[in-house]
Amino acid sequence: MRRSRLWLLATITVVAAIAVVGSLVTPAGRVARAAHGSVAPVLATQLVCPTVTGGGSAGQSTDMVVANVGAGPAPRTTYSLVSPSARSRAPIPLALRPSALVRKGSSYGAVLVNASGPGAGGVVATQASLIPNGLGRGLLDVACRPPATDWWFAGADGGVRVEDRLWLVNAADTPANVAISFWSGRGPLSPPNTTGIVVAAHSALVRKLSDYAPDVPQVAFHVHANSGTVAVGVTDLRNLGDRPTGSDFLPPTLAPTRSSIVTGFMPGATYGLVDIVNPSNHDATVSLRVVTSTKDFAPAGHQSVVVRAGHTVRVDLSAIIATEVAAVAVDSDTPVTAAALTATRPTSGFTELAWLPAQAPLAGPAAIADNVPPFGQKVSLIVTAPATSARLRVANATGSSAIVSVPAGRTRNVDLRALFHAGATGPGPIVLTPLSGPVYVIRTLYAVGAHGPLMAASTPMLLPAATELPAVVDDPRAALP
């Protein structure tokens with residue numbers, strides 16, 4: 001009886017060992033065929049519009065447009081005031097069909113847009129402000145973006161003829177700790193109170209740039225959150241005595257890199273200025289190339305620009321690019337960043353301007369929420385293909401789409417109303433999908449009336465992509481020593 005039990009135990013042990021060995025020698029192909037990865041969709045997004053406000057003696061109003069550019073059902077979307085008061089920041093629902101307009105003609109503030117559920121990754125927002133008269137008269141336009149830890153800006157001004165304001169917005173439940181670094185044509189700036197700036201939860205800090213750089217032009221700065229995240233906006237209002245000379249949002253620009261494109265110089269503009277920033281400890285030699293609708297060339301007298309360590313440099317290309325739509329390619333042996341100003345001084349009426357950031361090529365689908373031409377006039381895409389020919393699909397919310405082709409070394413000005421046979425209200429929200437070649441895009445608004453031109457520009461926001469999850473495979477080897 002004892003021998004039978006020992007035999008049975010030995011038999012069970014051998015069978016178990018064979019099973020384990022069999023699992024260890026299972027061909028990798030079988031394991032791979034049994035394993036399947038998955039995709040985690042974007043189920044929540046946050047966007048911050050830095051200052052949705054209106055009123056004042058100039059009669060300012062701000063339009064915030066929130067749009068769903070995704071293919072599926074609209075996610076649950078709300079907006080709320082960024083405020084320490086829980087009552088003031090109560091969420092207000094938005095019905096996106098496919099977009100919704102929030103207009104503020106009186107004092108309000110920074111706004112948080114929340115989207116949740118399937119399709120949240122397809123929600124984008126833009127804010128545009130019109131100041132119809134008085135100091136700061138002009139059109140201001142900027143995309144609303146997610147909070148982040150780093151923001152770069154170039155072209156700011158602390159001069160007495162300029163009112164530049166910096167908005168630091170913390171929409172989170174915890175405080176953010178922020179530091180700001182400054183550079184100018186005079187070199188690095190070291191103003192007081194630029195480190196350890198605490199932005200309380202659900203609040204915004206507003207500072208004049210002249211507080212940090214009094215009477216200093218051509219200022220660049222970097223906002224870094226040591227803890228938490230913030231959204232940053234900069235308004236640029238200019239005047240000469242009691243005469244307004246234009247206004248716009250100064251958009252966030254690309255972090256320092258060796259190669260970038262600044263596109264969006266509008267045809268017929270009077271000014272074309274490029275601000276280049278070298279925040280490093282080494283001098284930079286920067287090569288410039290102008291890419292227009294008819295040619296690609298190095299600008300005479302500005303083929304190469306030396307930007308000293310910790311300095312900014314302004315390059316005036318007005319005489320070279322004023323008559324055509326254009327872009328400027330910036331290549332450097334040391335990482336730099338840049339921004340550009342395109343402006344119009346009419347024979348009658350007021351001067352107006354638009355700021356253009358440095359960009360990387362579109363890396364995937366991107367969208368712009370608001371494409372309503374001011375006073376039913378012009379809304380355009382300026383598309384640049386600096387290296388090779390490029391193709392870009394432009395689609396609107398009705399399902400209509402068109403392919404924009406750009407030859408190598410050229411910049412195109414595409415009338416969006418004509419592209420989609422749209423009326424005075426424009427084509428609605430659009431999605432831009434690069435199909436071939438590196439391509440750079442900005443959307444411009446333009447109108448002209450009795451008081452002069454209105455102009456502004458906004459870059460598309462790259463849509464967040466779903467996260468690919470790795471395959472999970474049962475592997476007994478993971479439990480073996």
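The values are calculated or read from the model by the stated rules, or taken from the named source; none is laboratory data. Please read all numbers here as calculations on a predicted model, not as lab measurements. When we count neighbours, we look across all protein chains shown, and the Cβ atoms used for this are built from the backbone with ideal geometry, even at glycine.
Where strands (runs of 3 or more DSSP E) sit wholly within the stretch 430-481, those with at least 2 residues that are modelled with pLDDT under 85 and either more than 23 Å from residue 339 (Cβ to Cβ) or small (Gly, Ala, Ser) (or both) occupy 467-469. Restricting the stretch 338-376 to residues that are among the charged types (D, E, K, R) and crowded, with 22+ Cβ neighbours inside 10 Å, the residue that is nearest to residue 424 (Cα to Cα) is 370. If only residues of the stretch 302-313 that are touching a Ser or Thr at 6+ places or on another chain (Cβ under 9 Å) and surrounded by 13 or more Cβ atoms within 10 Å (Cβ to Cβ) are counted, the one that is nearest to residue 267 (Cα to Cα) is 305.
Do we find that residue 188 is part of a loop (DSSP other than H, G, I, E, B) and closer than 18 Å to residue 157 by Cα in this structure? Answer is no for this residue.
Being over 20 Å from residue 67 (Cα atoms), modelled with pLDDT of 95 or more and polar (S, T, N, Q), is that true of even one residue in the stretch 393-407? Yes, the stretch 393-407 contains at least one residue that is over 20 Å from residue 67 (Cα atoms), modelled with pLDDT of 95 or more and polar (S, T, N, Q).
Residues are listed down the side, and each one gets a yes or a no for (1) farther than 21 Å from residue 217 by Cα; (2) in contact with a Gly (Cβ under 9 Å, 6 or more places away or on another chain):
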position	(1), (2)
130	yes, yes
137	no, yes
148	yes, no
152	no, no
157	no, no
162	no, no
172	yes, yes
187	no, yes
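Inspect all residues belonging to the stretch 284-301 and state whether any of them is modelled with pLDDT under 95 and buried (at least 23 other Cβ atoms within 10 Å of the Cβ). The answer is no; no qualifying residue exists.
Annotation note: of 205, 288, the sole residue that is farther than 30 Å from residue 135 by Cα, in a strand (DSSP E or B) and without any contact (Cβ under 8 Å) to a residue 60 or more places away in the chain is 288. Of the candidates 47, 112, the single residue that is buried (at least 23 other Cβ atoms within 10 Å of the Cβ), under 15 Å from residue 463 (Cβ atoms) and in contact (Cβ under 8 Å) with a residue 12 or more places away in the chain is 47. Just one of the listed residues (270, 174, 253, 257) is closer than 30 Å to residue 284 by Cα, within 25 Å of the chain's Cα centre (by Cα), β-branched (Val, Ile, Thr) and surrounded by fewer than 19 Cβ atoms within 10 Å (Cβ to Cβ), namely 257.
Applying the criterion of at least 2 residues that are closer than 26 Å to residue 68 by Cα, touching a residue at least 24 places away in the same chain (Cβ under 8 Å) and of a type outside the set (Val, Ile, Thr) to the strands (runs of 3 or more DSSP E) found wholly in the stretch 122-168 leaves 123-131, 138-144. The number of residues in the stretch 138-171 being under 11 Å from residue 250 (Cβ atoms), of a type in the set (Val, Ile, Thr) and more than 18 Å from the chain's Cα centre (by Cα) comes to 1.
Among the residues of the stretch 206-245, which ones are of a type in the set (Gly, Ala, Ser) and at pLDDT 95 or above? Correct list: 210, 213, 220, 225, 227, 228, 231, 233. It is to be established whether one or more residues within the stretch 127-136 are farther than 13 Å from residue 51 by Cα and within 20 Å of the chain's Cα centre (by Cα). No, the stretch 127-136 contains no residue that is farther than 13 Å from residue 51 by Cα and within 20 Å of the chain's Cα centre (by Cα). Looking across the stretch 127-140, the residues that are out of contact with any Pro (no Cβ under 9 Å at 6 or more places or on another chain) and at pLDDT 95 or above come down to 129, 140. If you take the residues in the stretch 377-398 that are of a type in the set (Gly, Ala, Ser) and under 30 Å from residue 130 (Cα atoms), which one is surrounded by the most Cβ atoms within 10 Å (Cβ to Cβ)? If we take residues in the stretch 377-398 being of a type in the set (Gly, Ala, Ser) and under 30 Å from residue 130 (Cα atoms), then 380 is surrounded by the most Cβ atoms within 10 Å (Cβ to Cβ).
Among the residues of the stretch 320-337, those that are at pLDDT 95 or above, crowded, with 24+ Cβ neighbours inside 10 Å and under 16 Å from residue 382 (Cα atoms) comprise 325, 326, 327, 328. Cβ separations smaller than 6 Å between residues 6+ apart or across chains give the following pairs from the stretch 463-476 residues that are of a type in the set (Asp, Glu) to residues that are at pLDDT below 80: 468/39. A single member of 268, 301 is assigned to a loop (DSSP other than H, G, I, E, B) and under 20 Å from residue 384 (Cα atoms), and it is 268. Pairs are defined by a Cβ separation below 6 Å, a sequence spacing of at least 6 or placement on different chains, a first member in the stretch 328-347 that is within 21 Å of residue 412 (Cβ to Cβ), and a second member that is of a type outside the set (Val, Ile, Thr) and outside any strand (DSSP E or B); the pairs so defined are 329/386; 342/266; 342/269; 344/269. Within the stretch 213-228, the residues that satisfy the criterion of being surrounded by 18 or more Cβ atoms within 10 Å (Cβ to Cβ), at negative phi and in contact with a strand residue (DSSP E or B) (Cβ under 6 Å, 6 or more places away or on another chain) are 213, 216, 219, 220, 221, 222, 223, 225. When each of 255, 329, 338 is tested for being assigned to a loop (DSSP other than H, G, I, E, B) and under 19 Å from residue 438 (Cβ atoms), the lone residue that passes is 255.
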